[in-house]
Amino acid sequence: EDKVVQSPLSLVVHEGDTVTLNCSYEVTNFRSLLWYKQEKKAPTFLFMLTSSGIEKKSGRLSSILDKKELFSILNITATQTGDSAVYLCAVERKGGTASKLTFGTGTRLQVTL
Amino acid sequence: EPEVTQTPSHQVTQMGQEVILRCVPISNHLYFYWYRQILGQKVEFLVSFYNNEISEKSEIFDDQFSVERPDGSNFTLKIRSTKLEDSAMYFCASSWVGNEKLFFGSGTQLSVL
């Protein structure tokens, strides 16, 4: 059974801090790892990672994958209150034509003033 | 930006009743999905749908569940005889091709009383 473990479960930081969220996984025939941000309802896509060691960046957010050690990190620099959300990590395995994602429980990030 | 839309946002039903959750995927997407999230738990895969048929389903997706694409724009999830444990947030998602990032709708909160 595919497994995704995220840490920490929750985190409170001050605006301007840098945070690192962790995701480790066990999946047979790994295809990709995805990060989503869930603010109120709909998870919104952040990154899709398929190759080790290649950092993906979008503004203050960045993410990298280590396929040897089976983990990924999501970094947020200069955090803002708008970054407060649950960050979800999900993995996808090869084999199907459609995307069947296995999600972690998420990391709840709260950014305070 | 195109988005996945879901209706209703909230649905309250009595145990044993049938419910239909509706979704309009992004218009040029070919793959459609239902996921659910029980309060406090992980987002879980239910079913994927492509070319007018189910491509994969999870153990949760038993005979009480069905999906349909009744026309060129809607994608529905039917639960024939709801149980208390069906109470959850149900997310519809779509992707342009398989194994690509999923775009999620805002969800339907189903409460079975």
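The values are calculated or read from the model by the stated rules, or taken from the named source; none is laboratory data. Since we're looking at a predicted model, the values are computed, not measured. Here Cβ is always computed from backbone atoms with ideal geometry, including for glycine, and neighbour counts include all displayed protein chains. Side chains included, ligands, DNA and RNA excluded: accessible areas come from the protein's heavy atoms. Shrake-Rupley method; radii C 1.70, N 1.55, O 1.52, S 1.80 Å.
Restricting the range B:4-18 to residues that are exposed (fewer than 15 other Cβ atoms within 10 Å of the Cβ) and in a loop (DSSP other than H, G, I, E, B) leaves a set whose member that is nearest to the other protein chains (Cβ to nearest Cβ) is B:SER9.
For the range A:92-101, a residue qualifies if it is farther than 11 Å from A:SER32 by Cα and more than 7 Å from chain B (Cβ to nearest Cβ), and exactly one does: A:GLY95.
As for the range A:73-91, it holds at least one residue that is surrounded by fewer than 21 Cβ atoms within 10 Å (Cβ to Cβ), in contact with a Pro (Cβ under 9 Å, 6 or more places away or on another chain) and within 14 Å of chain B (Cβ to nearest Cβ).
Mind counting the residues in the range A:8-32 that are within 17 Å of A:ASP83 (Cα to Cα) and either open to solvent by less than 40 Å² (accessible area, probe 1.4 Å) or not aliphatic (A, V, I, L, M) (or both)? Before you say what the answer is, go through the steps one by one.
Taking the range A:8-32 and keeping what is within 17 Å of A:ASP83 (Cα to Cα), we get A:8-22.
Now restrict to residues that are either open to solvent by less than 40 Å² (accessible area, probe 1.4 Å) or not aliphatic (A, V, I, L, M) (or both): A:8, A:10, A:13-22.
Total satisfying the criteria: 12.
Within the set B:LEU77, B:LEU21, B:LEU110, the sole residue that is surrounded by 13 or more Cβ atoms within 10 Å (Cβ to Cβ), more than 11 Å from chain A (Cβ to nearest Cβ), assigned to a strand (DSSP E or B) and in contact with a helix residue (DSSP H, G or I) (Cβ under 9 Å, 6 or more places away or on another chain) turns out to be B:LEU110. Within the range B:35-57, residues that are hydrophobic (A, V, I, L, M, F, W, C) sit with their Cβ atoms under 6 Å from residues that are assigned to a strand (DSSP E or B) and open to solvent by 80 Å² or more (accessible area, probe 1.4 Å), at 6+ positions apart or across chains, in these pairs: B:VAL47/B:LYS57. For the structure I just gave you, tell me whether A:LEU49 is open to solvent by less than 20 Å² (accessible area, probe 1.4 Å) and closer than 20 Å to B:TRP34 by Cα. When the stated conditions are applied, A:LEU49 does not pass them.
Which of the residues that make up the range B:90-99 are surrounded by fewer than 21 Cβ atoms within 10 Å (Cβ to Cβ) and either under 15 Å from A:ALA42 (Cα atoms) or in contact (Cβ under 8 Å) with a residue 40 or more places away in the chain (or both)?
Kept after step one, since they are surrounded by fewer than 21 Cβ atoms within 10 Å (Cβ to Cβ), are these residues of the range B:90-99: B:96-99.
Residues satisfying the conditions are B:TRP96, B:VAL97, B:GLY98.
Considering only residues in the range B:47-74 that are over 11 Å from the mean Cα position of the chain (by Cα) and in a strand (DSSP E or B), the one that is nearest to B:GLU3 (Cα to Cα) turns out to be B:TYR50. Is one or more of the residues making up the range B:47-64 at pLDDT 95 or above and open to solvent by 60 Å² or more (accessible area, probe 1.4 Å)? No, the range B:47-64 has no match at all. Checking B:GLU85, B:GLU100, B:GLU44 one by one, the residue that is more than 14 Å from chain A (Cβ to nearest Cβ) and either touching a Phe, Trp or Tyr at 6+ places or on another chain (Cβ under 9 Å) or not in a loop (DSSP other than H, G, I, E, B) (or both) is B:GLU85 and no other. Within the range B:28-41, the residues that satisfy the criterion of being more than 9 Å from chain A (Cβ to nearest Cβ) and assigned to a strand (DSSP E or B) are B:TRP34, B:ARG36.
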